[in-house]
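The values are calculated or read from the model by the stated rules, or taken from the named source; none is laboratory data. No experiment lies behind these values; they were computed from the predicted model shown. Note that we place each Cβ from the backbone using ideal geometry, even for glycine, and neighbour counts take in every protein chain shown. Quick note on the areas: whole protein, heavy atoms, side chains included, nothing else; ligands and nucleic acids left out. Shrake-Rupley method; radii C 1.70, N 1.55, O 1.52, S 1.80 Å.
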Amino acid sequence: MHHQWLLLAACFWVIFMFMVASKFITLTFKDPDGYGAKQEPLILTAVTKVEEVHVPEEKHWPEEFQPTGKAFSGNLIHQPLVHMERLELLRNVCKDTALRDLSHTAVSKFVLDRIFVCDKHKILFCQTPKVGNTQWKKVLIVLNGAFSSIEEIPENIVHDHEKNGLPRLSSFSDSEIKKRLNLYFKFFIVRDPFERLISAFKDKFVHNPRFEPWYRHEIAPGIIRKYRKNRTETKGLQFEDFVRYLGDPNHRWLDVQFGDHIIHWVTYVELCAPCEITYSVIGHHETLEDDAPYILKAAGIDHLVSYPTIPPGITVYNRTKVERYFSGISKRDIRRLYARFEGDFKLFGYREPDFLLN
């Protein structure tokens with residue numbers, strides 16, 4: 001019996017020493033910034049590799065940059081680096097005084113008309129036509145409760161703003177507009193500016209799938225009368241005419257006549273005022289397969305709705321197509337066009353076209 005007690009005491013002594021040693025090791029190697037919280041391994045998923053990312057010196061980012069959804073709990077360290085880089089590039093270009101006229105615009109009614117509101121989930125979406133906006137409208141229509149699923153939405157309802165249940169930001173009072181701009185999750189999508197112009201030209205003046213006659217019968221003749229060099233040519237609007245119109249520094253006198261129809265080819269700056277409104281995320285059409293799920297998660301709605309399936313290859317930048325469309329355009333007209341859209345190229349990290357450098 002005496003030996004059993006000695007053995008039991010020895011066991012307790014060994015266990016006690018082990019606990020003391022463990023506590024010593026824990027105190028010695030504990031992360032000093034952990035503040036007693038449970039330490040979890042830091043895992044960054046879906047991070048795009050970049051060569052260098054500049055992180056601002058201040059400890060706390062402005063509240064406007066913090067997504068309102070559940071995905072990030074207020075800490076941008078969990079945000080994929082590519083999106084941090086896009087926002088920082090935008091801020092830096094906005095500060096460039098040499099590009100101020102190309103990067104800044106007033107937050108006018110024209111801009112507020114482009115921004116759709118989902119109050120239920122505190123989301124603002126700025127419409128940039130010819131960049132897959134129809135699908136994002138469907139997402140917001142479902143979130144607003146007008147339809148229970150994307151598949152149920154009739155195509156003719158999506159762009160009918162009297163029936164689709166999508167209020168525009170311009171429909172609110174000044175104080176309500178300011179409140180939403182300050183507090184809501186805000187995003188929009190961009191695309192290579194020249195490829196977007198090609199898409200707008202094909203959609204409105206060549207194919208015209210929505211049967212909008214004013215593009216061919218009113219807008220096209222107006223451009224032709226002003227910008228066609230060969231007055232004896234009787235064919236419809238050509239891409240060369242379109243480029244010459246867009247690159248004209250005095251294009252605005254025609255824009256006024258065309259009204260809101262110009263939204264399909266005006267700059268992202270004119271549409272969404274990215275240097276005046278602090279957006280939470282900027283998606284790119286070329287990486288939409290990754291960006292769409294990220295945006296849904298950042299807004300805290302990924303459990304409620306999914307972005308519609310993207311057909312294979314539809315978002316890939318088609319360099320050959322762009323070069324083919326611009327092959328018959330004079331360098332002077334292309335340079336004037338680039339001069340107008342330079343702000344869009346610089347703000348969102350798109351490279352100047354190679355055919356301008358040759």
Express in nm, to one decimal, how much length is gained between K163 and L183 on full extension, taking 0.36 nm for each residue of separation and deducting their alpha carbon distance.
4.6 nm
Using a cut-off of 15 Å between beta-carbons, work out the net charge of the residues near K163 (Lys and Arg +1, Asp and Glu -1, K163 not included).
-1
I need the shape label for region 85-132. Rule: rounded when a/c is under 1.5, else prolate if a/b > b/c, else oblate, with a, b, c from the alpha carbon gyration tensor.
prolate
Test of the criteria: in region 141-229, which trypsin sites (Lys or Arg not before Pro) are in a DSSP loop and have at most 10 other Cβ atoms within 10 angstrom of their Cβ?
K229
Residue-count net charge about V269 - beta-carbon cut-off 15 Å; Lys, Arg +1, Asp, Glu -1:
+2
Largest-first ordering by accessible area, 1.4 Å probe, given options W265, W214
W214, W265
Of I334, V322, P308, whose Cα points farthest to the positive end of the dipole of region 100-356 (charges on the beta-carbon: +1 Lys, Arg; -1 Asp, Glu; origin at the Cα centre)?
I334
Listed residue pairs exceeding 23 Å between alpha carbons, taken from K109/K226; K138/K186; K202/K229; K95/K297
K109/K226; K95/K297
For E195, net neighbour charge (Lys/Arg +1, Asp/Glu -1) across residues whose Cβ lies under 13 Å away:
+3
Note the full-extension length gain between T278 and R231 as 0.36 nm times their separation in residues minus their Cα-Cα distance, in nm to one decimal.
12.3 nm
Rg and Dmax of region 225-355, using alpha carbons, in Å: what are they?
18.1, 59
Just the number, please: percent antiparallel of the DSSP beta bridges in region 100-356, rounded to the nearest 5.
40
